[in-house]
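Report on one structure; see the data block that follows.
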Amino acid sequence: MATRQSVDKLMQQCEDAMCFAKEQLQNGMQQEHYNGTEYTSAQLGLENAYKELEELAHSANPQQREQLYRMRLQIQQLQNEMIVTEH
């Protein structure tokens, strides 16, 4: 069973990864390909967060699973935006 603390900690990590990714997406749209390393790092951070959400969902209760699922959707949407946006 996933603890509330572990879910909260992971949710915060996901928020941090999304914040960094949004920042890099914005910078990428302004500077084009000049920040490629940071952009790639942001994408990797999102992917790692997504995988951790999937892993924790296996031991979560239904309410936690729903919370984790919603976060996964947000991360997935941001990943897609980063892929299709010129940078």
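Bear in mind these aren't lab numbers, they're just calculated from the coordinates by the rules spelled out. Nothing here was measured: the structure is a model prediction, and the numbers come from that model. Note: ideal-geometry Cβ built from the backbone for every residue, glycine included; neighbour counts use all protein chains shown.
Residue-wise test of (1) in contact with an Asp or Glu (Cβ under 6 Å, 6 or more places away or on another chain); (2) surrounded by 12 or more Cβ atoms within 10 Å (Cβ to Cβ); (3) under 18 Å from residue 13 (Cβ atoms).
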position: 39; (1), (2), (3): no, yes, no
position: 42; (1), (2), (3): no, yes, yes
position: 49; (1), (2), (3): no, yes, yes
position: 65; (1), (2), (3): no, yes, yes
position: 80; (1), (2), (3): no, no, no
position: 83; (1), (2), (3): no, no, no
Filter the stretch 1-30 down to residues that are of a type in the set (S, T, N, Q) and surrounded by 14 or more Cβ atoms within 10 Å (Cβ to Cβ), then give me how many there are. 4
From (1) in a loop (DSSP other than H, G, I, E, B); (2) under 9 Å from the mean Cα position of the chain (by Cα); (3) not charged (D, E, K, R), pick out the condition that doesn't hold for residue 76. (1)
So which residues in the stretch 1-38 are in contact (Cβ under 8 Å) with a residue 60 or more places away in the chain and within 30 Å of residue 86 (Cβ to Cβ)? 14, 18, 21, 25
Selection count, the stretch 51-63, where residues are under 13 Å from the mean Cα position of the chain (by Cα) and either of a type in the set (Phe, Trp, Tyr) or surrounded by 14 or more Cβ atoms within 10 Å (Cβ to Cβ) (or both): 2
